[in-house]
Amino acid sequence: MSLPCIQATGEVQTGSKQIEETGNSFQLIHESVSNMANKIFGISENLNTIAKDSNEMNTLIEDIAAVSQESAAGVEQTAASAQQTSSSMEEVSGSADDLAKLAKHLNDELKVFRL
């Protein structure tokens, strides 16, 4: 073999190795982002469960308030607190849904890098 052919073969081997290393790096990135997306989905599910439980608790608090009409001022404070909690949990639930959508979008975008 001539020297230029040997050099070209070495360059091709080096290039192939670099491409393989790049592919491995993209695979690691993909796995990391997928792992993060799974964690975001888990957080989203937990937040939705908390929101559901909070709404159930708000319903129970409202029932208790209806039964205990002896203390009108106390009932009004409980209802206001329940409403504020409900609004806050709706915001958390909306944020959880946004996180889930973002995680799905990230997964969809990562499919481009799969080998």
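Please treat every number below as a calculation from the coordinates, not as lab data. Note that the structure is predicted; figures quoted are calculated from it, not measured.
Can you list the lysines whose alpha carbon is less than 17 Å from that of K104, not counting same-chain residues fewer than 8 positions off? Candidates past the 8-residue exclusion: K39.
Counting only lysines at least 8 places from K17 when in the same chain, those with an alpha carbon closer than 27 Å to its own are K111. For the range 12-95, averaging the sequence separation of C-alpha pairs within contact (under 8 Å, six or more residues apart) and dividing by the residue count gives a relative contact order of 32 percent.
Axis of helix 72-110 versus longest Cα principal axis of the chain: the two differ by about 10°, to the nearest ten degrees. Axis angle, to the nearest 10 degrees, between helix 3-67 and the longest C-alpha principal axis of the chain: 10 degrees. The structure-derived value of mean projected area of the Cα convex hull in nm² appears in the list (i) 11.3; (ii) 9.8; (iii) 8.7 under the label (iii).
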